[in-house]
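Novice: Got a structure here, written out as structure tokens. Questions coming.
The values are calculated or read from the model by the stated rules, or taken from the named source; none is laboratory data. These numbers were taken from a predicted model, which means no experiment stands behind them. Quick reminder, even Gly has a Cβ in these numbers, built from the backbone with ideal geometry, and neighbours come from all protein chains shown.
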Amino acid sequence: MDNILLPPDQTRRQQDWRDELFMVRATKRPRRRVFLGVVMVLVLVGCLGLGAGLGLLAGTLQTIPGPEALIYRPNIATVVYDRHGEVICRFMVENRTYVPLSSIPKHLQNAIIAIEDQHFWSHRGINPIRILKALWVDIRTGTKAQGGSTITQQFAKLAFLTHEKTLVRKIQDAVYAIQLERTYTKSQILEWYLNEIYLGHGTYGVEAASQYYFGKHVSDLTLAEAALIAALPRSPENYSPRRYPERARDRRNLVLSMMASEGYITAEQARAAQQEPIILADLPEQSNTAQQYVEYIRKYLTDKYGAYRLYRDGLRVYTTLDLEMQRKAERVLEEHLPRITVPDPEGRMQVSPQAAIITLEVATGYIRAMVGGRGDTDFNRAVQTTRQAGSAFKPFVYVTALKQGWNPASRIEDQPVITEEDGDTWPSNWDNVYEGPVTLRYGIARSKNAASVQLLRAVGVDSVIQTAESMGITTLVKSGARTDRVDALALGGLTNGVAPIDMAVAYGCLASGGVKAEPVTVLRVEDRYGAVLEENRPRRSIVLDEATAYLMTDMLSDVIYSPAGVGTGRSANIGRPAAGKTGTTTSNTDAWFVGYSPEYVTAVWIGNDDQSEKLEYNGRTIASGDAARIWADYMSEILEDKPRSDFYVPESVTEAVICSVTGDLATSLCPSPVQEVFRAGTEPTQECIIHNPSIVIVERSVCTESGLLATIHCPSEAVTTKRYRADTNQEVANTGDVLSDSTMPIRFCNVHGGSPEKTELPPEFTL
């Protein structure tokens with residue numbers, strides 16, 4: 001043990017005091033009367049002081065609580081974990097993680113006792129001899145060189161009293177300590193003390209200190225590391241190994257020497273540990289990972305349990321978040337988007353464009369990743385912002401049609417519903433191409449605006465609203481001056497917009513075969529003692545039949561993988577089963593891609609907080625294709641190590657090879673047959689009539705003015721070509737559909753010359 005040496009000037013003063021005492025003794029004795037007077041004065045002063053002291057003690061004792069009030073309840077940080085047990089964040093007023101005494105190694109317990117209170121196991125709360133010794137040293141040195149407090153007194157002060165240095169507080173220390181030792185065991189008091197003490201750099205308790213200094217649990221500390229922790233309570237900042245490594249080493253070595261002198265370790269063990277270098281863990285980098293999610297979970301917990309319990313009561317919160325997926329989502333956003341910083345109205349620098357990503361596990365609804373923005377911001381755009389969805393809303397129209405009995409091969413007119421006098425049309429297709437009758441599959445893959453509005457009118461706007469709400473969209477307006485019961489609903493032109501989390505939930509209904517899984521973020525909450533306060537399971541309900549969900553999924557897969565390459569989401573190709581939909585607003589202020597695999601559904605949104613600002617940066621426009629590429633890169637990473645899986649095909653779905661022209665069953669003569677999916681019982685049963693070898697289709701030139709067979713005398717502008725079935729004489733459309741109200745004329749036009757009585761037909765045609 002190191003000796004405490006007095007400085008030379010102090011030694012000289014002591015020698016001078018001894019010399020003076022010797023000289024007094026050598027002089028003539030004072031007169032007895034003077035001596036007696038001095039004694040009487042001292043006695044009187046002593047009595048008065050004793051009376052005052054007893055009065056002070058009595059008053060202090062009246063404030064001492066009973067044993068029932070001496071209940072230790074430390075401020076413990078609430079810890080939030082991800083799905084794998086990795087710490088996401090801590091909410092705390094003090095960085096403390098409580099551990100039982102059984103988890104604290106014996107050599108750390110012994111180290112603390114050796115340096116702080118060698119008689120801990122034998123005293124009854126206070127150590128009078130130590131107090132007197134410390135008082136004598138303080139008087140002798142003129143400083144606070146030693147403390148006389150036991151571990152029990154230190155704990156009483158930390159847990160129940162103030163830190164003021166007054167006589168009253170000193171008395172309280174002692175009385176509280178005695179009361180504690182009468183109420184609790186030594187092991188309990190030691191456990192509490194080791195969890196309560198401040199150990200520097202914002203750490204409270206040995207577990208938090210162990211993690212901070214060595215990056216390990218306290219149970220894993222070596223002897224030398226434990227001695228260093230034990231060296232800190234006296235003066236954590238002065239002995240900090242991060243600030244003053246030499247002081248820390250010397251103090252640690254003193255602890256080891258004390259342990260040897262008290263018999264806790266051998267001298268050889270002490271010398272070996274003293275030779276060990278102090279190796280500290282790297283300080284963790286300040287990270288903003290999952291910043292918006294942390295605020296999301298903070299609000300959830302505060303609303304449910306209150307701020308006091310959140311910050312002081314040591315809750316253990318087990319969430320559904322996957323930090324690895326979260327980091328990938330955040331990184332992909334930064335890799336794909338420009339980073340423009342602009343000041344907001346309050347002068348804070350904000351990143352532009354903003355973005356959000358949210359990923360749900362299809363089977364459970366568990367939130368696996370939630371990126372609510374870019375930059376240092378707590379505003380969570382994944383759940384708090386609602387924006388126009390554009391074409392990403394169209395699937396709700398098509399789902400409604402499928403529910404009503406339509407199929408992917410059904411046709412709808414791709415034509416504007418309104419033509420103004422000035423020639424303007426609404427809605428306009430993004431490519432300004434209108435293709436007449438198109439299949440539902442083609443309409444959604446090509447994101448046809450006109451066809452979608454025509455389909456909305458056919459199935460009914462109220463039906464579409466009901467579908468969207470049942471699938472998870474919560475922001476639709478059905479009444480009032482501003483309502484979503486309009487044609488613009490088909491194009492995602494909404495009163496309030498939609499939130500990315502709602503879109504993820506809704507698309508998840510398709511991925512899961514018609515089952516809606518409510519989003520879940522908290523699996524379990526435990527209190528400081530391990531009692532379960534909350535436990536959440538997947539909350540699921542059937543909102544669509546399996547056939548409808550699968551048919552829509554199969555159609556949305558063409559957005560990415562259309563054999564003809566017409567899909568608007570080709571950039572979302574991940575080389576494995578997936579489906580989704582692009583969305584870009586007309587004003588180019590919002591870009592979306594919402595898509596899913598059999599495992600995960602992810603919504604990606606890009607936009608600016610100022611909704612009037614277009615997504616244009618340095619001459620480049622950001623659109624849904626960018627959102628699709630972000631989605632693809634991110635989904636490819638999170639699915640990389642997972643086996644390929646396909647979407648489940650229900651028994652209520654069947655397949656048929658049909659003619660792409662007529663929609664009927666394909667024959668060997670059909671030039672472009674395609675395999676299509678149908679709800680069982682709705683598949684076509686008739687073979688294609690225009691590519692069928694048993695059915696002859698003839699073409700005839702007809703005069704539009706007379707409706708009769710055209711002759712050489714009919715003007716070219718009045719002549720058109722029509723198709724007829726030879727067996728029934730019925731006119732058929734190019735799709736093969738029979739136009740029952742029209743049959744082939746058998747007379748020649750007499751309006752432009754020729755004989756109306758002539759009934760002979762061309763030699764190549766016979767009835």
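Novice: Take the residues in the range 679-736 that are touching a helix residue (DSSP H, G or I) at 6+ places or on another chain (Cβ under 8 Å) and not charged (D, E, K, R); name whichever of them is farthest from L402 (Cα to Cα).
Specialist: Here the residue is A710.
Novice: I'm told F379 meets every condition in (1) under 28 Å from V543 (Cα atoms); (2) touching a residue at least 60 places away in the same chain (Cβ under 8 Å) except one. Can you identify the failing condition by its number?
Specialist: Exception for F379: condition (1).
Novice: Here is a list: N288, N253. Which entry is closer than 14 Å to A231 by Cα and not hydrophobic (A, V, I, L, M, F, W, C)?
Specialist: Every option except N253 fails the conditions.
Novice: Hey, could you check the range 174-187 for residues that are β-branched (V, I, T) and assigned to a helix (DSSP H, G or I) and say which is nearest to I126 (Cα to Cα)?
Specialist: Residues of the range 174-187 that are β-branched (V, I, T), as a first pass: 175, 178, 183, 185.
Remaining after also requiring assigned to a helix (DSSP H, G or I): 175, 178, 183.
Details: V175: 9, I178: 7, T183: 15 Å.
My answer is I178.
Novice: Another one. Would you point out the residue of the range 188-224, among those that are among the hydroxyl-bearing types (S, T, Y) and part of a helix (DSSP H, G or I), that is farthest from N238 (Cα to Cα)?
Specialist: The residue in question is S219.
Novice: Related question: Among the residues that make up the range 216-232, is at least one of them at positive phi and of a type outside the set (A, V, I, L, M)?
Specialist: For the range 216-232, residues at positive phi and of a type outside the set (A, V, I, L, M): absent.
Novice: Could you tell me which of the residues G595, G625 is surrounded by fewer than 19 Cβ atoms within 10 Å (Cβ to Cβ), in contact with a Ser or Thr (Cβ under 8 Å, 6 or more places away or on another chain) and at pLDDT 95 or above?
Specialist: Step by step, each of G595, G625 is checked, and only G625 is surrounded by fewer than 19 Cβ atoms within 10 Å (Cβ to Cβ), in contact with a Ser or Thr (Cβ under 8 Å, 6 or more places away or on another chain) and at pLDDT 95 or above.
Novice: Could I ask something else about it? Could you list, in sequence order, all residues of the range 661-695 that are part of a loop (DSSP other than H, G, I, E, B), buried (at least 18 other Cβ atoms within 10 Å of the Cβ), on the phi < 0 side of the Ramachandran plot and not β-branched (V, I, T)?
Specialist: Selection gives D664, A666, C670, P684, C688, H691, N692.
Novice: Here is a further query. Evaluate the range 318-337: report whether one residue or more is surrounded by fewer than 23 Cβ atoms within 10 Å (Cβ to Cβ), modelled with pLDDT of 95 or more and assigned to a strand (DSSP E or B).
Specialist: Yes - at least one qualifying residue is present in the range 318-337.
Novice: Another question, if that's okay. Pick out the one residue from A290, A307 that is over 13 Å from the mean Cα position of the chain (by Cα) and of a type in the set (G, A, S).
Specialist: Working: A290 fails: over 13 Å from the mean Cα position of the chain (by Cα).
From the options A290, A307, the qualifying one is A307.
Novice: Mind listing whichever residues of the range 527-546 are assigned to a strand (DSSP E or B), closer than 20 Å to Y293 by Cα and in contact (Cβ under 8 Å) with a residue 60 or more places away in the chain?
Specialist: E534
Novice: Here is a further query. Only one of H123, H84 is assigned to a loop (DSSP other than H, G, I, E, B) and outside the structural domain of L199 (by TED's automatic domain parsing); which?
Specialist: From the options H123, H84, the qualifying one is H84.
Novice: Related question: From the list G753, G736, which residue is closer than 24 Å to P437 by Cβ and either in contact with a Phe, Trp or Tyr (Cβ under 8 Å, 6 or more places away or on another chain) or not in a strand (DSSP E or B) (or both)?
Specialist: One residue alone meets the criteria, G736.
Novice: Quick check on L158: is it at pLDDT below 95, more than 30 Å from A77 (Cβ to Cβ) and in the same structural domain as S187 (by TED's automatic domain parsing)?
Specialist: No, not satisfied.
Novice: Could you list all residues from the range 349-401 that are charged (D, E, K, R), part of a strand (DSSP E or B) and farther than 30 Å from L455 by Cβ? Walk me through it before giving the result.
Specialist: Within the range 349-401, the first condition is being charged (D, E, K, R), and the residues that meet it are 361, 368, 374, 376, 378, 381, 387, 394.
Checking the rest, the ones that are also part of a strand (DSSP E or B) come to 361, 368, 387.
Across the range 349-401, the qualifying residues are E361, R368.
Novice: Moving to a separate point now. Can you name every residue in the range 711-753 that is within 30 Å of P671 (Cα to Cα) and in contact with a Cys (Cβ under 7 Å, 6 or more places away or on another chain)? Show your work before the answer.
Specialist: Going residue by residue through the range 711-753, those that are within 30 Å of P671 (Cα to Cα) are 719-745.
Selection gives V719, G736.
Novice: Might you check whether a residue that is acidic (D, E) and exposed (fewer than 13 other Cβ atoms within 10 Å of the Cβ) occurs anywhere in the range 301-310?
Specialist: So far as the range 301-310 goes, yes, one or more of its residues are acidic (D, E) and exposed (fewer than 13 other Cβ atoms within 10 Å of the Cβ).
Novice: Go through (1) assigned to a helix (DSSP H, G or I); (2) among the hydrophobic types (A, V, I, L, M, F, W, C); (3) in contact (Cβ under 8 Å) with a residue 12 or more places away in the chain and name the single condition A260 misses.
Specialist: Going through the list (1) assigned to a helix (DSSP H, G or I); (2) among the hydrophobic types (A, V, I, L, M, F, W, C); (3) in contact (Cβ under 8 Å) with a residue 12 or more places away in the chain, A260 breaks only (3).
Novice: Would you kindly identify the helices (runs of 4 or more DSSP H) lying entirely within the range 424-503 that contain at least 1 residues that are out of contact with any His (no Cβ under 6 Å at 6 or more places or on another chain), at pLDDT 95 or above and acidic (D, E)?
Specialist: In the range 424-503, the matching helices (runs of 4 or more DSSP H) lie at 461-471.
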